[in-house]
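The values are calculated or read from the model by the stated rules, or taken from the named source; none is laboratory data. Bear in mind that the values here come from a model prediction, so they are computed numbers and not experimental data. Note: ideal-geometry Cβ built from the backbone for every residue, glycine included; neighbour counts use all protein chains shown. Calculation scope for accessible area: heavy atoms of the full protein, side chains included, ligands and nucleic acids excluded. Shrake-Rupley method; radii C 1.70, N 1.55, O 1.52, S 1.80 Å.
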Amino acid sequence: MPDPALIDRCVHCGLCLPTCPTYASWGQEMDSPRGRIYLMKGLTTAGGVPPAASPTPPAAALSPSVVAHFDRCLGCMACMTACPSGVNYEALIEETRAEIEHHHRRRAADRLFRGLIFWLFPHPGRLRLALVVQLLYMRSGLRWLCHRLGLVRLLPRRMRALEALMPPVSLSHLAARLPAEVAPDGPHRLRVALLPGCVQRVYFPAVNRATLRVLRAEGCEVVVPPRLGCCGALSLHAGRDGEARRFARAAIAALEAAHVDAVAVNAAGCGSAMKRWGRLLAGDPAWAARAAAMAAQVKDVSELLIDLGPRAPRRPLAVKLAYHDACHLFHAQRIHTQPRQLLTAIPGVELADLPDSDQCCGSAGVYNLLEPDSAKEIGRRKVDAVLTAAPDLLVSANPGCTLHIQMLLRERGRTIRTAHPIEVLDASIRGAPLPD
Ligand code: SF4
Ligand code: SF4
């Protein structure tokens, strides 16, 4: 369980409650940050969860209903931004989730589904296999038939969510590969490693290609370390701490071998986890210093480009954008001005006001697969805001957010083009059209 000193920083003021998406959905104290901290306090105190705070008797400390309140937390960290007492909710929820994964036995179907997700998503090779199956399913007419016959409705709730999330894909996704190393355009400024990500490299290869081109245009020598796999973010955020440490050690070793000045990340969830590698491996004497040193080199690509300063000329783009703040960029990394600075520096770009742009869209890593009903309810508020802003292009720096918002728009029969901020910048630098 989390350190009681971390828990005791909460003074129960409730200022975080209005920012919490699950509290907004249900108005229940136990589905608010303060309520969840009460539950944590109960779990670390002899006697279990206090009856006043718990829907279950104290003896059932890690009961299914107590666990459900933690499962329903998005890990969006909006409460951390709002908290005047500096409560480190990120550490609290990660450590509580690790405790749950170590000591709570979930239902067989839950274990099976989680097993499938964590077997698949952190492994790009397996994701590519899944992509082949998806291509056959979508291109053969089987998907159309399954929907037409109502067979999809017979799937378990979470499998339905997985099916609905599938974005349109093509053979080009399967063939996408990045070069191992590219030289900078013009004088050398920095040697940078690019994290290609797992979902990003398979489902959004164009984002990685755009990142590589922009870094190169800005004078960076870019390396894509061949052995660089998952950073451990999905596992860390789900309480699978042992798995997260294994992924982190392997990624750190691969990055060390690349001998770079900085590590550029274009997926918000990955960047926030990598910046916390030092904490994750603090208890491992062989890795603690290496993890902290590598974490200090990690930068979101927008942060890196603003620190570096622009060199490549920007060409005009006549487009109205809405920028959605990915939680793990805005709340976890406190990065909100840099992507906007990059976008508004492009002549002709109009940045529309997206109401509550820093509110979670419901994607939250694999939350939209594990808690699909809650994710949809939260996502509907985001989609309402997007439709109100009516942009030509919705911009977001996290592949999970993009997939989830696209899915919710499809469900409403609406289409709004989506892009990563780096793709917009790339189009401007190259004088190319914006992504379709
Ligand atoms: S992380 Fe998000 S969902 Fe969880 S308690 Fe904080 S604000 Fe609520
Ligand atoms: S704002 Fe901070 S101190 Fe106040 S209830 Fe929320 S977590 Fe606790």
Q) How many residues, within the stretch 91-100, are touching a His at 6+ places or on another chain (Cβ under 9 Å) and either among the acidic types (Asp, Glu) or within 9 Å of ligand 2 (Cβ to nearest atom) (or both)? A) 1
Q.
It is to be established whether one or more residues within the stretch 179-194 are on the phi > 0 side of the Ramachandran plot, loosely packed, with under 13 Cβ neighbours inside 10 Å and in contact (Cβ under 8 Å) with a residue 40 or more places away in the chain.
A. yes
Q) Within the stretch 226-243, how many residues are open to solvent by less than 30 Å² (accessible area, probe 1.4 Å) and not in a helix (DSSP H, G or I)? A) 7
Q.
Looking at the structure I just gave you, is residue 128 part of a helix (DSSP H, G or I), among the charged types (D, E, K, R), more than 16 Å from ligand 1 (Cβ to nearest atom) and more than 30 Å from residue 17 (Cβ to Cβ)?
A. yes
Q.
Between a residue in the stretch 6-34 that is of a type in the set (Val, Ile, Thr) and any residue that is outside any helix (DSSP H, G or I) and within 11 Å of ligand 1 (Cβ to nearest atom), which pairs come within a Cβ distance under 6 Å, given they are 6 or more apart or on different chains?
A. 22/72
Q.
Please determine whether any residue of the stretch 410-430 is closer than 30 Å to residue 119 by Cα, assigned to a helix (DSSP H, G or I), free of Cβ contacts under 8 Å to residues at least 40 places away in the same chain and open to solvent by less than 30 Å² (accessible area, probe 1.4 Å).
A. no
Q | When residues of the stretch 4-49 are limited to those that are over 16 Å from residue 70 (Cβ atoms) and away from ligand 2 (no atom under 15 Å from the Cβ), the one nearest to the chain's Cα centre (by Cα) | A | 27
(Q) Checking the condition outside any helix (DSSP H, G or I), touching a residue at least 60 places away in the same chain (Cβ under 8 Å) and within 30 Å of residue 174 (Cα to Cα), which residue from 122, 84 passes? (A) 122
Q.
Looking at the stretch 199-223 only, could you name the residues that are open to solvent by 10 Å² or more (accessible area, probe 1.4 Å) and assigned to a helix (DSSP H, G or I)?
A. 199, 201, 203, 205, 206, 209, 212, 213, 216, 217
Q | Test: residue in the stretch 89-97 that is open to solvent by 50 Å² or more (accessible area, probe 1.4 Å) and of a type in the set (Phe, Trp, Tyr) | A | no
Q) Just to be sure, is residue 309 of a type outside the set (D, E, K, R), within 23 Å of residue 81 (Cβ to Cβ) and open to solvent by less than 50 Å² (accessible area, probe 1.4 Å)? A) no
(Q) Name the single residue that is nearest to ligand 2 (Cβ to nearest atom) among those in the stretch 320-378 being β-branched (Val, Ile, Thr) and in a loop (DSSP other than H, G, I, E, B). (A) 335
Q.
Here is a list: 293, 262. Which entry is surrounded by fewer than 18 Cβ atoms within 10 Å (Cβ to Cβ) and over 15 Å from the mean Cα position of the chain (by Cα)?
A. 293
Q) Which of the residues that make up the stretch 58-81 are modelled with pLDDT of 95 or more, in contact with a His (Cβ under 9 Å, 6 or more places away or on another chain), in a helix (DSSP H, G or I) and open to solvent by 10 Å² or more (accessible area, probe 1.4 Å)? A) 79, 80, 81
Q.
Can you report the number of residues in the stretch 150-176 which are in contact (Cβ under 8 Å) with a residue 40 or more places away in the chain, part of a loop (DSSP other than H, G, I, E, B) and open to solvent by 70 Å² or more (accessible area, probe 1.4 Å)?
A. 1
Q: Out of 376, 382, report the one residue that is buried (at least 24 other Cβ atoms within 10 Å of the Cβ) and either touching a Gly at 6+ places or on another chain (Cβ under 6 Å) or under 29 Å from residue 156 (Cα atoms) (or both).
A: 382
Q) Conditions: (1) open to solvent by less than 10 Å² (accessible area, probe 1.4 Å); (2) more than 22 Å from residue 91 (Cα to Cα). Residue 281 meets all but one. Number of the miss? A) (2)
